[in-house]
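All remarks here apply to the structure that follows.
The values are calculated or read from the model by the stated rules, or taken from the named source; none is laboratory data. These numbers were taken from a predicted model, which means no experiment stands behind them. Quick reminder, even Gly has a Cβ in these numbers, built from the backbone with ideal geometry, and neighbours come from all protein chains shown.
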């Protein structure tokens, strides 16, 4: 029997044609919602919303609150350009937050309705990451301090002298001397506590280490026990942190004292969360030393005995964020699975995990009411930005609590992501997402843009992004294809691991099998195809330049060009040490085999190279070398540099210029006669 086509799909092209294209200007109008925080009394949700001010080249962020029962979100902050990280007091009457309204980011406090804002800290280096203690007596936060300074007065003098000095030379005697987009100085991040009754802040993590380690990027890496008397935090103590992923959990009394190490794992341990009854501590762990893309497992430790058990050992997916139920019996957590991120639940005693909520989207930021009946979370997809939802913790239909982007989406043409599978290298199944241009016409043939994700242990999915937004490229008239080849996450750890020491091998074959499949489709113009990517995706573009003639144009952003020189320039050295099985002078054949720089003589495809000069992950020299090679080979090419950007192009005007430059480049090669 023939399957009926839903009426919505029949009329979708006509409906989309009546709306404006979702171009980069529309992207700058999206309200960027983050960090929802459910009040302890379960009546309201505070959150942060960031809106682009393109004229001033800023991204002002303010705090809002919305009733859990539903209603219009109310702004609580108006002053300053950065108001973030709202955290409720235990009685739900006050909100601590971070604001720059006084000139630098500091801890502030306001009433739950936004009234009576007052500044709590006045630190020379500012503050961040604020937490309210469970007993309501103090605030915990982070700040960059000089480890040898005994008090804030010393920090102020040292910082003032450093900023006033005309001599800006840097002297180092160890690695990790720079990270992401900044050079490291003499200061270190520490966790401090301040009593609301008065008194100066106290440093709870003195020493020469960053606490928490700035190289980690998960949920909070510090937490307070329910009685407010103990701080648990993450710290790296390996002699050379640049070559190690090993982090451990420590505890220290809230009044200060000698810290105690409570984990002994050789991999990373992070994201500690105490159970509400204080008897258990949940955290995430990776078992393999030196591998930042190992599977994240969820662990529960008995605080009294130190006995730990892995709850998700039989789940071949990485655990993301998680939260406890109020009765300390279960944990709700997220996992990345085949381009989606659902919420699952597992007993703290162990057993099988159960799906709670999911679909063609990404769920995150789970919060539960005290009675355990209602959960709050964020949801987004490839065609819809982040909004906050409420649903029953037992599953069922969700109710939106925010609709900040509804008017924008209603007036613009966004198309849902589709998916398909192909047989890749060694008969592996390879998954891809596809976004068609608005107004897509059956029978017409379109230019195709393949986007290669970074990582390489990353993935495209049903998620919203501001960098490499597929809707913006589709609005420019391209069929956008986003393959998840070998190395991608969410398809099992074996699939992820199979890119290790094989950067241009099976993953290249997977991508080309995807290209073959798309090129054979009736909507694709096989003579007008391009590929683009950033970071590892930029590496793959550089690799394609020397190994394929299938594309009419390429775009390489922050791409690795020469693996040997990259090793000597980058900062997190554990990454190349793992990926290429050692140092380049110990494994010269490995570095030569997978380095695009060894295949320059095969470069033929017109290529746009873009790079941020403050990129210390893939330093700008990689982009300069790629452009030099293209020019000397006589290949049509352009170089776009951003002197004030790092690995990502994040300033509003820079991002708009980047999108326009990339699309103009693609149009010049794929849409010309």
* Structure fact -> In the stretch 176-202, anything within 22 Å of residue 570 (Cβ to Cβ) and either touching a helix residue (DSSP H, G or I) at 6+ places or on another chain (Cβ under 6 Å) or part of a strand (DSSP E or B) (or both) is listed as 176, 178, 179, 182, 183, 188, 189
* To do: Report, ordered by the first and then the second residue, all pairs with beta carbons closer than 6 Å, sequence separation of six or more or different chains, a first member in the stretch 94-119 that is free of Cβ contacts under 8 Å to residues at least 12 places away in the same chain, and a second member that is surrounded by fewer than 22 Cβ atoms within 10 Å (Cβ to Cβ).
  => 118/109
* Selection count, the stretch 147-162, where residues are surrounded by 19 or more Cβ atoms within 10 Å (Cβ to Cβ) and closer than 10 Å to residue 125 by Cα -> 3
* Enumeration of residues in the stretch 32-53 that are in contact with a helix residue (DSSP H, G or I) (Cβ under 8 Å, 6 or more places away or on another chain) and buried (at least 16 other Cβ atoms within 10 Å of the Cβ) -> 52
* Asked: Is it the case that the stretch 466-484 has a residue that's without any contact (Cβ under 8 Å) to a residue 24 or more places away in the chain and more than 20 Å from residue 560 (Cα to Cα)?
  -> no
* Asked: Quick one: residue 122 ticks every box in (1) touching a strand residue (DSSP E or B) at 6+ places or on another chain (Cβ under 6 Å); (2) without any contact (Cβ under 8 Å) to a residue 40 or more places away in the chain; (3) closer than 22 Å to residue 151 by Cα; (4) surrounded by fewer than 17 Cβ atoms within 10 Å (Cβ to Cβ) bar one, so which box is it?
  -> (1)
* To do: Hey, can you tell me all the residues within the stretch 304-319 that are without any contact (Cβ under 8 Å) to a residue 60 or more places away in the chain and surrounded by fewer than 22 Cβ atoms within 10 Å (Cβ to Cβ)?
  => 304, 305, 306, 307, 308, 309, 310, 313, 314, 315
* Do you know which of the residues in the stretch 237-253 that are in a loop (DSSP other than H, G, I, E, B) and at pLDDT 95 or above is farthest from residue 36 (Cα to Cα)? -> 244
* Which is farther than 30 Å from residue 279 by Cα, at pLDDT 95 or above, in contact with a helix residue (DSSP H, G or I) (Cβ under 9 Å, 6 or more places away or on another chain) and in a loop (DSSP other than H, G, I, E, B), of 415, 402? -> 415
* Tally time: how many residues in the stretch 483-497 are touching a strand residue (DSSP E or B) at 6+ places or on another chain (Cβ under 6 Å) and surrounded by fewer than 24 Cβ atoms within 10 Å (Cβ to Cβ)? -> 1
* Which one of these is at pLDDT below 95, touching a strand residue (DSSP E or B) at 6+ places or on another chain (Cβ under 9 Å) and surrounded by 14 or more Cβ atoms within 10 Å (Cβ to Cβ): 19, 59? -> 19
* Structure fact -> Matching residues in the stretch 44-54 (touching a strand residue (DSSP E or B) at 6+ places or on another chain (Cβ under 8 Å) and part of a strand (DSSP E or B)) number 7
* Structure fact -> Among the residues of the stretch 287-297, the number that are over 15 Å from residue 335 (Cα atoms) and buried (at least 23 other Cβ atoms within 10 Å of the Cβ) is 0
* How about the stretch 340-395: which strands (runs of 3 or more DSSP E) wholly inside it have at least 3 residues that are under 26 Å from residue 416 (Cα atoms) and under 24 Å from the mean Cα position of the chain (by Cα)? -> 354-357, 362-368, 374-381, 384-392
* Asked: Can you name the residue in the stretch 215-235 that is assigned to a loop (DSSP other than H, G, I, E, B) and within 21 Å of the chain's Cα centre (by Cα) and, of all such residues, is surrounded by the most Cβ atoms within 10 Å (Cβ to Cβ)?
  -> 221
* Kindly check whether there is at least one residue in the stretch 237-252 that is crowded, with 16+ Cβ neighbours inside 10 Å and under 20 Å from the mean Cα position of the chain (by Cα). => yes
* Asked: Does residue 434 count as more than 22 Å from the chain's Cα centre (by Cα), at pLDDT 95 or above and under 23 Å from residue 363 (Cα atoms)?
  -> no
* Of the criteria (1) out of contact with any helix residue (DSSP H, G or I) (no Cβ under 6 Å at 6 or more places or on another chain); (2) surrounded by 20 or more Cβ atoms within 10 Å (Cβ to Cβ); (3) under 24 Å from residue 659 (Cβ atoms), which one residue 507 fails -> (3)
* **Out of 67, 86, sole residue that is at pLDDT 95 or above, more than 22 Å from the chain's Cα centre (by Cα) and within 16 Å of residue 376 (Cβ to Cβ)** => 67
* For the stretch 358-382, name all the residues that are surrounded by 20 or more Cβ atoms within 10 Å (Cβ to Cβ), farther than 24 Å from residue 480 by Cβ and without any contact (Cβ under 8 Å) to a residue 60 or more places away in the chain. => 366, 375
* **Residue within the stretch 159-175 that is farther than 20 Å from residue 139 by Cβ and within 27 Å of the chain's Cα centre (by Cα) present** => yes
* To do: Test residue 138 against the criterion of being under 32 Å from the mean Cα position of the chain (by Cα), surrounded by 14 or more Cβ atoms within 10 Å (Cβ to Cβ) and in contact (Cβ under 8 Å) with a residue 24 or more places away in the chain, and give yes or no.
  => yes
* Within the group 170, 184, which residue is in contact with a strand residue (DSSP E or B) (Cβ under 7 Å, 6 or more places away or on another chain) and exposed (fewer than 15 other Cβ atoms within 10 Å of the Cβ)? -> 170
* **Counted residues, the stretch 421-450 - those being touching a helix residue (DSSP H, G or I) at 6+ places or on another chain (Cβ under 7 Å) and either without any contact (Cβ under 8 Å) to a residue 60 or more places away in the chain or in a strand (DSSP E or B) (or both)** => 10
